[in-house]
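Here is the structure we will look at, set down as structure tokens.
We did not get these values from a lab; they are worked out from the coordinates using the rules stated. Nothing here was measured: the structure is a model prediction, and the numbers come from that model. Cβ atoms come from the backbone with ideal geometry, glycine included; neighbour counts cover every protein chain shown.
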Amino acid sequence: MIEAEQNIDVKLIAILEKVSDPEIPVLSIMDMGVVRSAFIENGVVKVQITPTYSGCPAMDVIGDDIKAALKLAGFESEVELILAPAWTTDWITPRGRKALEDYGIAAPLGEEADKDVLLHGKRLVKCPQCGSTNTKMISQFGSTACKAQFQCNDCQEPFDYFKCLK
Amino acid sequence: MKENLYKYILGIADNSLILGQRMGALTGHGPSLETDIACTNISLDLFGQVRSYYQYAAKIAGDKRTEDDIAMLRQEREYLNVLLVEQPDTDFAYTMARQFLFDVYHFLFLTELQKSTDLTLSAIANKSIKEVSYHQRFSSDWIKRLGDGTEESHKRMQTAINDLWTYTDELFHQTDADKAMISEGIGVDVSKLKEAYYKKVSDILEESTLEVPESKYFQKGGKQGIHTEHMGYILAELQYMQRAYPNMEW
Ligand SMILES: [Zn+2]
């Protein structure tokens, strides 16, 4: 196993924080945890990103957006997609989780709770609209591969739940 | 070029490509909106995994071939997927039975591939297995739902399982590329997965009130590029754009 350490030059953090996930615009790619390293080598910024899901169509866009943001800040850059170590929902920062909830997407529960919810229909996922945990799963797969579809039994709103990935 | 490694990667990737194509073809045709979305998400996961494999294969090939060339521009005999994944969507029971019979294998296979001494393959396996565990959960649920559902759904699911059963044994056949890769610590010895596979499948079938087929008559050929009649139709659709407009991009 490769250790999941993040190695990001402090000078680049503010720039990269401005790049958002194209599918969840309120969420910065930094808070999403997809940027694994970023450092300056011979005047060129080298960035490594990792996909949330293998088929995530947002990765190409994210790569282009990173290059554009760095260019604006005066840096040439190279973006590399790496697969190991594999992304996990644990890498979403607390600020990222808050952004998800504010956007109407329930943030991932821990691995065990996730299984209780998806396998045994336990009511643990909190409705991002009214806060009730009286919710039910409609489908294990939602609008994108990383989400499941839920509905709140109290306020009736349908919403997405970001599935736990470990 | 490392011929055996190249072929080995294609053998893995082609399963996901063809199954992904089958599931993707259900877009807009799923029995309900949620199920439709689930099928296409599974397809998307499989295509994502396939890209990683073909990118690696293109690197091994070391010529001008790209991941797209490998996916789109081979002849039928050059595709090395098992016969199971190319079987048609006769009805939704077939779709889910095909998915289930492959998912159980896929999960066991990736579990072992994670231990490969080839770091690219182990990384792809490590990434993919998380997705495949969701696929397996989804298809297993449908086996139970239809198997232990109405008289009609039970009958249809049993028919699908009986029919597709004949393609399961091929999953555990070793190819020459397999043997070469196993000896280098890169490949998975699929013959060793067989027992765990039939145990898991049988458990779920029994839980679903379905009978475990007793047939010992099995079909094979896909791993050698000898496919069923369905493969030509799949490729005709998959490759249409590249054949009609060579080198097109968007
Ligand atoms: Zn609510």
- With Rg and the Kirkwood Rh both taken from Cα atoms, where does Rg over Rh land for the protein assembly as shown? 0.97
- At 7 Å along the Cα-to-beta-carbon direction for both residue A:40 and residue B:91, put a label point, then send me their distance in nm to one decimal. 6.7 nm
- Query: Relative to a virtual label point 7 Å from the Cα of residue B:179 in the Cα→beta-carbon direction, which members of region B:204-240 show backbone nitrogen distances below 17 Å?
  - Reply: B:221, B:223-225
- Task: Distance between Cα centroids, region A:93-122 to region A:45-79: provide it in whole Å.
- Result: 26 Å
- Note on the structure: Dividing the helical contributions, -39500 (n - 2.57) per DSSP H run of n ≥ 4, by the residues of chain A yields a 222 nm value, nearest 500 deg cm²/dmol, of -8000 deg cm²/dmol
- Could you list, bin by bin from short to long, the percent of Cα-Cα pairs of region B:3-244 in 5 Å steps? 1, 6, 14, 19, 21, 18, 11, 6, 3, 1, 0, 0
- Item | Alpha carbon centroid spacing (whole Å) that separates region B:164-225 from region B:12-58 | 21 Å
- Message: Report, in listed order, any pair from B:115/B:179; A:11/A:67; A:126/A:163; B:192/B:223 with a Cα-Cα distance greater than 19 Å.
- Response: none
- In deg cm²/dmol, rounded to 500, what helix-only [θ] at 222 nm does chain B give when every DSSP H run of at least 4 residues adds -39500 (n - 2.57) and the total is split over its residues? -21000 deg cm²/dmol
- Task: For residue B:186, list long-range residues whose amide hydrogen, built 1.01 Å from N in the peptide plane, is under 5 Å from its own amide hydrogen.
- Result: B:117
- Could you work out Rg/(2.2 N^0.38 Å) for region B:1-122, with Rg from alpha carbons only? 1.10
- Message: Quick check: the angle from helix A:111-120's long axis to the longest principal axis of chain A, C-alpha only, nearest 10 degrees?
- Response: 40 degrees
- Message: Pairwise over distinct Cα atoms, reciprocal of the mean inverse distance: report the Kirkwood radius of region A:7-91 in Å, one decimal place.
- Response: 12.7 Å
- Query: Hey, rough spin-label estimate for residue B:250 and residue B:63, points 7 angstrom out along Cα→Cβ, what's it come to in nanometres?
  - Reply: 2.9 nm
- Query: What list of ³J(HN,Hα) couplings, whole Hz, do you get for region B:235-250 from phi and the Karplus terms 6.51, -1.76, 1.60, once you set θ to phi - 60° and write x for glycine and proline?
  - Reply: 5, 4, 6, 4, 9, 3, 4, 5, 7, 6, 10, x, 6, 5, 9, 9
- Expressed in nanometres to one decimal, the distance between label points 7 Å along Cα→Cβ at residue A:90 and residue B:75 is 5.0 nm
- Net charge, residue B:204 excluded, C-beta distance under 14 Å - Lys, Arg +1, Asp, Glu -1: -2
- Would you please classify the overall shape of chain A from the alpha carbon gyration tensor, given that a ≥ b ≥ c denote the square roots of the eigenvalues, rounded means a/c under 1.5, and beyond that prolate means a/b larger than b/c while oblate covers the rest? prolate
- Which Cys in chain A stand alone, with every other cysteine's Cβ at 4.7 Å or more from theirs? A:56, A:146, A:164
